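The structure appears right after this line, and notes come after that.
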């Protein structure tokens, strides 16, 4: 059974300086509120893991929470670059950021291996690219059956995985529906997990295509209404496309970003969604 | 009826899918997306189209428009199964491309401390070794078409030949740009100029390409038919977003 805590207590319990932390959710259900809480608690030296780092990682990186990023794409979807991410990689601001780059399928398969208790995943991709030369976590392996040379990548087992979902019940069973990305794999692969939810309901009503993360697979649950804003939560609210557009100008400028941090994250502990937009 | 340069490019992208049959078309960007949808409405009715998020489309709306009928559920995580199975044709962008079709979308400069950090490898390593791949380059220039890419993200023909596992399903088909159509049907699998768009000269393409390109038999890129123009202008892109991506 997962324990139900406040967002601040939950993040305080599962995220420590130096941890490897994965915040997952593809387009949909991105755990922004939890990310902002990590910034407020001043965590440092995190290894951040995410298949598709977008604004929430730009914000965590700009706030100086991370020393390393493990990823396969980093951008502002439909808008352009992540300027805080680029400033950290190119100029070491506010702290240098080491990167470990993978392909999408490589990242997904690393989570699957981690969730399955296996030491590595095997792929055809990566062969012929320059990535094995830049990333020691990509190695050649010979198939014992066919003799074909393929690629192995190590299992990904984050210290903590954080995802957002629509609902949990009082026992901490979580129900997610819509596009789920690698929610399941990332939670099962982690040593500890936090699921933030739109609401805690008395009973989960079965829905077509929904996925249940049972309470015994989750460490802590925290209620965070609008906790995925500016991304969306199907059945609750739509994507705030204007926020993504507006982020380009904020992220581009160090001072504008610092002002944003103060106003939106540090002076805004009351609203989990972290936005007045 | 005169076609704009953008419309020529869309039709060239539609032609990329000729003969593909029942495969998942994964076009990145507006012009390739319009191309895939135009192909589905004309020469390739069996092409599987995605809304770019999670649905396979039963109808063929303008990009971004919702339809009432959905053909299938194919969220992000499941796309990898299709990639590995190989029934897919992706049209990717490229920050850099070399004569063998090696693509870079990761960074400019050294990988550990780049001068420009780009968006990242994404699906390129898996796409290029598992199924058919084409490229769309909206601004054909020596910045994109370079002698050697800084980091190989998508695998070209020379690297595919060096690694049997990478070459097994490797198929870089064509490159469509705002100036021309190129392919790799040469003895050494280096880039060849297939056709220039109406109004573009071979010299213009040569000057905009950072390596020598085979220009032995160059045709003119096909102009859209009246029906293709009608579909494009009234059904797929009534707001003419295409002309903003590729000015005439």
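For the stretch A:131-139, does any single residue satisfy the condition of being away from chain B (no Cβ under 12 Å), in contact (Cβ under 8 Å) with a residue 40 or more places away in the chain and part of a loop (DSSP other than H, G, I, E, B)? No, the stretch A:131-139 contains no residue that is away from chain B (no Cβ under 12 Å), in contact (Cβ under 8 Å) with a residue 40 or more places away in the chain and part of a loop (DSSP other than H, G, I, E, B). For the stretch A:61-75, filtering for residues that are closer than 29 Å to residue A:121 by Cβ and either over 18 Å from the mean Cα position of the chain (by Cα) or more than 9 Å from chain B (Cβ to nearest Cβ) (or both) leaves 7. Among the residues of this structure, residue B:106 does not count as one that is touching a strand residue (DSSP E or B) at 6+ places or on another chain (Cβ under 6 Å), within 24 Å of residue B:208 (Cα to Cα) and at the interface with chain A (Cβ under 9 Å from one of its Cβ atoms).
For (1) buried (at least 24 other Cβ atoms within 10 Å of the Cβ); (2) outside any loop (DSSP other than H, G, I, E, B); (3) in contact with a strand residue (DSSP E or B) (Cβ under 6 Å, 6 or more places away or on another chain); (4) modelled with pLDDT under 95, each residue gets a yes or a no:
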site	(1), (2), (3), (4)
A:36	yes, yes, no, no
A:43	no, no, no, no
A:48	yes, yes, yes, no
A:58	yes, yes, no, no
A:61	yes, yes, no, no
A:67	no, yes, no, no
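Put simply, of A:10, A:22 the only residue that is in contact with a strand residue (DSSP E or B) (Cβ under 8 Å, 6 or more places away or on another chain) and closer than 24 Å to residue A:74 by Cα is A:22. Looking only at the stretch A:109-122, filter to residues that are within 12 Å of chain B (Cβ to nearest Cβ) and surrounded by fewer than 24 Cβ atoms within 10 Å (Cβ to Cβ); which one of those is farthest from residue A:190 (Cα to Cα)? Once the filter is applied, the top-ranked residue is A:122.
Could you tell me how many of the residues in the stretch B:155-172 are surrounded by fewer than 22 Cβ atoms within 10 Å (Cβ to Cβ) and either in a loop (DSSP other than H, G, I, E, B) or more than 14 Å from chain A (Cβ to nearest Cβ) (or both)? Residues flagged as surrounded by fewer than 22 Cβ atoms within 10 Å (Cβ to Cβ) and either in a loop (DSSP other than H, G, I, E, B) or more than 14 Å from chain A (Cβ to nearest Cβ) (or both) within the stretch B:155-172 amount to 3. The residue of the stretch B:173-224 that is farthest from the chain's Cα centre (by Cα), among those that are buried (at least 20 other Cβ atoms within 10 Å of the Cβ) and over 17 Å from residue B:135 (Cα atoms), is B:200.
Any chance the stretch A:208-217 includes a residue that's surrounded by 15 or more Cβ atoms within 10 Å (Cβ to Cβ), within 14 Å of chain B (Cβ to nearest Cβ) and either touching a helix residue (DSSP H, G or I) at 6+ places or on another chain (Cβ under 8 Å) or more than 25 Å from residue A:6 (Cβ to Cβ) (or both)? Looking through the stretch A:208-217, at least one residue is surrounded by 15 or more Cβ atoms within 10 Å (Cβ to Cβ), within 14 Å of chain B (Cβ to nearest Cβ) and either touching a helix residue (DSSP H, G or I) at 6+ places or on another chain (Cβ under 8 Å) or more than 25 Å from residue A:6 (Cβ to Cβ) (or both). Does residue B:194 satisfy the criteria of being assigned to a strand (DSSP E or B) and over 28 Å from residue A:106 (Cβ atoms)? So residue B:194 fits the description; yes. Residues in the stretch A:90-108 that are surrounded by fewer than 23 Cβ atoms within 10 Å (Cβ to Cβ) and assigned to a helix (DSSP H, G or I): A:90, A:91. Are any of the residues in the stretch B:42-61 touching a helix residue (DSSP H, G or I) at 6+ places or on another chain (Cβ under 6 Å), within 14 Å of chain A (Cβ to nearest Cβ) and more than 30 Å from residue A:67 (Cβ to Cβ)? No - not one qualifying residue is present in the stretch B:42-61. Set side by side, the residues B:22, B:59, B:7 differ, and just one is farther than 24 Å from residue A:100 by Cα and buried (at least 18 other Cβ atoms within 10 Å of the Cβ), which is B:7. Kindly indicate the residue of the stretch B:226-248 that is under 21 Å from the mean Cα position of the chain (by Cα) and part of a loop (DSSP other than H, G, I, E, B) and also nearest to residue B:34 (Cα to Cα) among those meeting that condition. That would be B:237. Checking each residue in the stretch A:167-186 for being buried (at least 21 other Cβ atoms within 10 Å of the Cβ) and under 15 Å from the mean Cα position of the chain (by Cα) picks out A:180, A:181, A:182, A:183, A:185, A:186.
Listed by position, the strands (runs of 3 or more DSSP E) contained in the stretch B:54-141 that have at least 2 residues being modelled with pLDDT under 90 and over 30 Å from residue B:185 (Cα atoms) are B:70-73.
Of all residues in the stretch B:17-51, those that are part of a loop (DSSP other than H, G, I, E, B) and touching a strand residue (DSSP E or B) at 6+ places or on another chain (Cβ under 9 Å) total 9.
The values are calculated or read from the model by the stated rules, or taken from the named source; none is laboratory data. Everything numeric here is computed off the predicted structure, so don't read it as measured data. Using ideal geometry, Cβ is built from the backbone for each residue, glycine included, and neighbour counts are taken over all protein chains shown.
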